[in-house]
Amino acid sequence: DEIIFKSKSKEINNQGNPGEFNFKNFMQKKGISYQGYTKGEDVKVLRNRSSWFVHAALQTRSHILKKIDTYFHKEERAIAKALLVGYKSDIDTDTKSHYASSGASHILAVSGMHVGIIILIFSKINSLWAKTARSKKAAAILLLLLVWFYVFLTGFSPSILRAGLMFSLVLIGRIIQRDHSKLNLLCASAVILLIYDPYYLFDLGFQLSYLAVGGIFFIYPKLSRLYHSRFKIVNRLWELSIVSISAQIATLPLTIYYFHQFPNAFLLTNVVTTICATLILFTGLVFMLFQWVDLLAGWFAFICGKFIEWMNLFVEWIDSFRYSVSRGIYLNDFQIVI
């Protein structure tokens, strides 16, 4: 967009404190070199440059946000907006702190995990009717359309766009029966994104997303062979646990490097919050589909809100433990590589 505003702009500079975060470098990699402060009434949009398609996506997301405000209780709205459409501006500092300390902050950032959960939910539904090779291919095409419909609903948020491309290549590989090397497909999506914007390489979300998914693809199969129970529910809990462990192992060096802390209760937190997030996404998607029918929208908003309430209470409970997080861990570049 082109805007005119009244403000004194100045070049972004660091504060000069020893060991500080390099904010100037961080912003330059996003293509931003200057900053300024202004009032809302001193800003005017001259020309809107977004395409009609992106504009329609943002309008749709805005409509869903209004519906969430209408049907959800005040305490649940911020989490519902974050999980369903990737809008995090309403989350207060205390909630962010609880989720970060308990090792569940990734739940609030709509990314590969959320797209993966949606694919998992609808893959289970599709498996009820997709029995032949042709019907399985049709099911994969439907999933592909669903993924991009969800990307559309989130207003083409960068993290969801990244996850959408990543899983699209996996689904396309399944459609053309070339899905044997998921790591190759993962690398292919990374190359496509880096051709589009090489600075993605320095984006924390990009780094953590690809490490987490790569960890799941590479480490999960090895861990899954270590144990098998004759009870289905035990196997499901084991699968959830090792998905969490695989992602945590892969992202551990970077999370320590950037945040200088480790959530000791991550395993318990991730198993419970992943189950809650799955239920929230499923009921939330149904809510979005039936948002024009008051009775159904209200009913599914109530159910979804209850799952959010229980997840918030659980995360706060974990954060209340005295040793729930180890802080003050500092490693240099060489130690991180090792």
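The values are calculated or read from the model by the stated rules, or taken from the named source; none is laboratory data. Bear in mind that the values here come from a model prediction, so they are computed numbers and not experimental data. All Cβ positions, even for glycine, are placed from backbone atoms using ideal geometry, and neighbour counts span all protein chains on display. With ligands, DNA and RNA removed, areas are computed over all heavy atoms of the protein, side chains included. Shrake-Rupley method; radii C 1.70, N 1.55, O 1.52, S 1.80 Å.
Under the Kirkwood approximation applied to all pairs of distinct alpha-carbon atoms, what is the hydrodynamic radius of segment 92-149 in Å?
13.4 Å is the Kirkwood radius here.
Compute for segment 90-201: radius of gyration divided by Kirkwood radius, i.e. Rg/Rh, restricted to C-alpha atoms, rounded to two decimals.
1.04
Return an integer: the convex hull volume of the alpha-carbon atoms of segment 138-192, in Å³ per residue.
Spelled out: Cα convex hull of segment 138-192, divided by residues, is 61 Å³.
How big is the accessible area of residue 239 in square angstrom, nearest 10, if you roll a 1.4 angstrom probe over the protein chains?
Residue 239 has an accessible surface of roughly 60 Å² with all protein chains in place.
What residues have an amide H closer than 5 Å to that of residue 325, excluding those fewer than 5 places away on the same chain, when H is modeled at 1.01 Å from N in the peptide plane?
264
Show me the trypsin sites (Lys or Arg not before Pro) within segment 54-138 that DSSP assigns to loop and that have at most 10 other Cβ atoms within 10 Å of their Cβ.
Counting only loop positions with at most 10 other Cβ atoms within 10 Å, the trypsin sites (Lys or Arg not before Pro) in segment 54-138 are 131.
As a test question: what accessible area, to the nearest 10 Å², does residue 166 have when a 1.4 Å probe is rolled over all protein chains in place?
Estimated to the nearest 10 Å², residue 166 gives 10 Å².
Who wins for biggest fluctuation among 44, 29, 182 in a Gaussian network model of the chain, springs between alpha carbons below 10 Å?
For the chain, modelled as a Gaussian network with Cα springs under 10 Å, the answer is 44.
So what is Rg over Rh here for segment 253-338, counting just Cα atoms and using Kirkwood for Rh?
1.20
Give me the dipole magnitude in Debye, nearest 20, for the chain about the Cα centre, with unit charges on the beta carbon: positive for Lys and Arg, negative for Asp and Glu.
Computed about the Cα centre, the dipole is about 1020 debye.
For segment 46-105, compute Rh as the Kirkwood radius over C-alpha pairs and then the Stokes-Einstein diffusion coefficient at 10 °C and 1.306 mPa s; write the answer in µm²/s, rounded to an integer.
My calculation gives 121 µm²/s for D.
Expressed as a whole percentage, what fraction of the accessible surface of the chain belongs to carbon and sulfur atoms when a 1.4 Å probe is rolled over the protein heavy atoms?
Here carbon and sulfur together make up 63 percent of the probe-accessible area.
Students often get this wrong, so check it: of 67/124; 88/124; 124/232; 6/30; 6/96; 6/74, which have C-alpha atoms separated by over 25 Å?
Flagged as over cut-off: 67/124; 88/124; 6/96; 6/74.
Could you give the accessible area per residue of the chain, probe 1.4 Å, as a whole number in Å²?
60 Å²
Could you work out the per residue convex hull volume over the alpha carbons of the chain, in cubic angstrom?
Roughly 185 Å³ of hull volume per residue.
Please compute the alpha carbon radius of gyration of segment 173-306, then divide it by the globular-protein estimate 2.2 N^0.38 Å. Two decimals is fine.
In units of the 2.2 N^0.38 Å rule of thumb, it is 1.31.
Run lengths n ≥ 4 of DSSP H only: what is the helix-derived mean residue ellipticity at 222 nm for the chain, with -39500 (n - 2.57) per run over all residues, to the nearest 500?
-22000 deg cm²/dmol
What are the DSSP H helices in the chain that stretch 27 Å or more along their long axis, judged by alpha-carbon atoms, and whose average Kyte-Doolittle hydropathy comes to at least 1.0?
133-153, 204-224, 266-289
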